[in-house]
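Step one of this worksheet: look at the structure below.
No lab work stands behind these numbers, since they all come straight from the coordinates. All of these numbers come straight from a predicted model, not from anything done at the bench. With ideal geometry, Cβ positions are generated from the backbone for all residues, glycine too; neighbour counts draw on all protein chains shown.
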Amino acid sequence: MTVADIAATPVTQERRLVTAIPGPVSQQLQARKTAAVSGGVGTTLPVYVVAAGGGILVDADGNQLIDFGSGIAVTTVGNSAPAVVAAVTEQVSAFTHTCFMVTPYEGYVRVAEELNRLTPGDHDKRSVLFNSGAEAVENAVKIARAHTRRQAVVVFDHAYHGRTNLTMAMTAKNQPYKSGFGPFAGEIYRVPTSFPFRDGETDGAVAAARALDLVDKQVGGDNVAAMVIEPIHGEGGFIVPAPGFLRALQNWCTDNGAVFVADEVQSGFARTGAMFACEHDGVVPDLIVTAKGIAGGLPLSAVTGRAEIMDAPGAGGLGGTYGGNPLACAAALAVIDTIERDGLLARAVQIEWTMIDRLTTLAAGDPRIGDVRGRGAMIAVELVKPGTTEPDAEFAKRVAAAAHARGLVVLTCGTYGNVLRFLPPLTMPDHLLDEGLDILAAVLRENA
């Protein structure tokens, strides 16, 4: 069967291995990649995908892999959700681009209206659309600085905010994101986050007081333009802060006239069982940054927030040639409709129950699993040396590689590289979710 035949064959919801992983065609393509693409672009699993849908990725050799990655939390509604495919097909036949800043179109406005409706809080809101999560984070900082007329930005340990110069400065982890790329933007100040597994603090208010004391002493509340935090740290290890932590930070921002920014790039759009992760903590951010799952795989991001803050930049101060591209806007509207119509918030909760139950059971019999954490379909296990909290990054790599060889796509993350993260699409059927967890259990047993 040719690659074209494989791509044209309907995707069945079953794992199927017909070659070793990666297969010969993928190996050939990887050789071409090595010769043509910058070595700075890494690849977690060099299988070359030709079709996908539901919870399955089909590679160029005809292997069908269970997808616990969702393109790093992007394909929340699936890789080929029918409503998204139809909406984008209709839009591409009409026009692909005009630039909203030159001749606007309704799709952009409709996405902004939906973001204003969906994001937490009933205050008057405005939105602006961009392309990537990093671009949106950077613009959130611009907006906050324009509003407050201050410069300082407070960020947290284990944070990941992007790969632009400013967002690299905001990101905590050096390798591979920052090493060799400086100097970075100034006026970025880092303080401790809430990490219950490692700091032992289960009272979020106490953890926040520790961080805020540093802000008061080392930065000064009057100098802070924005405090930016992921409600669940993504790349840093799927760290869920202790209850009360985010609320205390928000209260401090309100008291000090700073802008509280929730970076929901990875945790937003139904991923955690709420439309946005900050809702689990009853927090209403001043600005909320979204991307990844917003448009079903098309490049789109946004900043949404209080009207008086969002309107602070002067006309022309925000924008970009491709920001709010009409194809991505059509996809985003279809994603939102799919989430609401198909009950995907409830589906994320069901996935959480299944994964937490299975992983907690595994952890009870395996001292190498130090922690099981997460929300919705954003779940992780932290791997450690038995009987300690010492990170075991090498073990995490071995487990991920063994899972890949069996046809299960899993990702690693964490500041120490010792966390396995699971981000299944919300469209994944139960039998594939169970099979993926069975594979993980087998891999852990065989790597004793």
Exercise. Going highest first, how would you order 241-249, 94-102 by mean Cβ packing within 10 Å?
Worked result: 241-249, 94-102
Exercise. Quick one: Cα centre-to-centre distance for the stretch 328-374 and the stretch 230-281, in angstrom?
Worked result: 17
For this session: At 0.36 nm per residue, minus the direct Cα-Cα distance, what do D430 and S93 gain on full extension? Give it in nm, one decimal, please.
Result: 117.7 nm
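Can you tell me which of 198-205, 9-16, 140-147 comes out highest on packing, and rank the rest after it, using the mean Cβ neighbours within 10 Å?
Working: 198-205: 15.4, 9-16: 13.8, 140-147: 23.6.
Descending packing order for the listed peptides: 140-147, 198-205, 9-16.
Considering only DSSP beta bridges whose two residues both sit in the chain, what percent are antiparallel, to the nearest 5? Kindly include the intermediate steps, with their values, before the conclusion.
Working: 33 of 49 bridges.
If I count the DSSP bridges inside the chain, around 65 percent turn out antiparallel.
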For this session: For A152, list long-range residues whose amide hydrogen, built 1.01 Å from N in the peptide plane, is under 5 Å from its own amide hydrogen.
Result: A225
For this session: Arrange the peptides 159-168, 34-43, 284-293 so that the one whose residues have, on average, the most other Cβ atoms within 10 Å appears first.
Result: 284-293, 159-168, 34-43
For this session: Using only the alpha-carbon atoms of the stretch 84-341, report the extent along each of the three principal axes, biggest first, to the nearest angstrom.
Result: 56, 40, 37
Exercise. Along the charge dipole of the chain, which of P196, G71, G186 sits closest to the positive end, that is, farthest toward it, with unit charges on the beta carbon of Lys, Arg, Asp and Glu (+1, +1, -1, -1)?
Worked result: G186
Seminar exercise, completed: Here the averaged projected area of the chain, based on the convex hull of its alpha-carbon atoms and given in nm², is 21.1
For this session: In whole angstrom, note down how far apart the Cα centers of the stretch 293-326 and the stretch 1-53 are.
Result: 34
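In terms of the Cα gyration tensor, with a ≥ b ≥ c the square roots of its eigenvalues, is the stretch 133-285 rounded because a/c is under 1.5, prolate because a/b exceeds b/c, or oblate? Walk me through the intermediate numbers first.
Numbers: a/c = 1.30, a/b = 1.11, b/c = 1.17.
Verdict is rounded for the stretch 133-285.
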Seminar exercise, completed: Here the FRET efficiency for Y322 versus V109, based on Cβ atoms and R0 = 22 Å and rounded to 0.05, is 0.85
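Using a simple charge model, +1 on the beta-carbon of Lys and Arg, -1 on the beta-carbon of Asp and Glu, nothing else, what dipole does the stretch 1-75 show about its Cα centre, in debye to the nearest 20?
Numbers: 4 positive and 5 negative charges, 34 e Å.
Computed about the Cα centre, the dipole is about 160 debye.
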For this session: May I ask what percent, to the nearest 5, of DSSP beta bridges between residues of the stretch 84-341 are antiparallel?
Result: 45
Exercise. Which whole-Hz couplings ³J(HN,Hα) result when phi for each residue of the stretch 403-413 is put into the Karplus expression 6.51 cos²θ - 1.76 cosθ + 1.60, θ = phi - 60°, listed in order with x for Gly and Pro?
Worked result: 5, 4, 4, 8, x, 10, 7, 10, 10, 9, 6
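Quick one: dipole size for the chain, taken about the Cα centre, charges +1 on Lys/Arg Cβ and -1 on Asp/Glu Cβ, in debye to the nearest 20. Please report the intermediate quantities before stating the final value.
Values: 35 positive and 47 negative charges, 191 e Å.
That gives a dipole near 920 debye.
How would the stretch 132-215 be classified by its alpha-carbon gyration tensor: rounded, prolate or oblate, with rounded meaning a/c under 1.5 and the a/b versus b/c comparison settling the rest? Walk me through the numbers on the way to the answer.
On the way: a/c = 2.16, a/b = 1.35, b/c = 1.60.
Taking the square roots of the gyration eigenvalues as a ≥ b ≥ c, the stretch 132-215 is oblate.
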Exercise. Given S127, I288, Q175, which one lies farthest toward the positive end of the charge dipole of the stretch 84-341, if we put +1 on the Cβ of every Lys and Arg and -1 on the Cβ of every Asp and Glu?
Worked result: Q175
Exercise. How large is the dipole of the stretch 84-341 about the Cα centre if only Lys and Arg carry +1 and Asp and Glu carry -1, each at its Cβ, rounded to the nearest 20 debye?
Worked result: 560
For this session: Starting at the first residue of the stretch 43-59, write each ³J(HN,Hα) from the Karplus equation 6.51 cos²θ - 1.76 cosθ + 1.60 with θ = phi - 60°, in whole Hz, x for Gly and Pro.
Result: 9, 5, 9, x, 9, 9, 7, 10, 7, 6, x, x, x, 10, 10, 10, 9
Exercise. Once every DSSP H run of n ≥ 4 in the chain is given -39500 (n - 2.57) and the sum is divided by its residues, what mean residue ellipticity at 222 nm do you get, rounded to the nearest 500 deg cm²/dmol?
Worked result: -12000 deg cm²/dmol
Seminar exercise, completed: Note on the stretch 396-448: alpha-carbon gyration tensor, axes a ≥ b ≥ c; rule is a/c under 1.5 for rounded, else prolate if a/b larger than b/c, else oblate; result oblate
Exercise. Hey, if you put +1 on the Cβ of every Lys and Arg and -1 on every Asp and Glu Cβ in the chain, which of V335, G237, A348 ends up farthest toward the positive end of that dipole?
Worked result: G237
For this session: Would you mind telling me which residue in G414, G316, G237 has the biggest mean-square fluctuation in a Gaussian network model of the chain, where springs connect alpha carbons within a distance under 10 angstrom?
Result: G316
For this session: Pull up all non-local amide H partners of T193: gap of 5 or more, or a different chain, and H-to-H distance under 5 Å with H placed in the peptide plane.
Result: D157
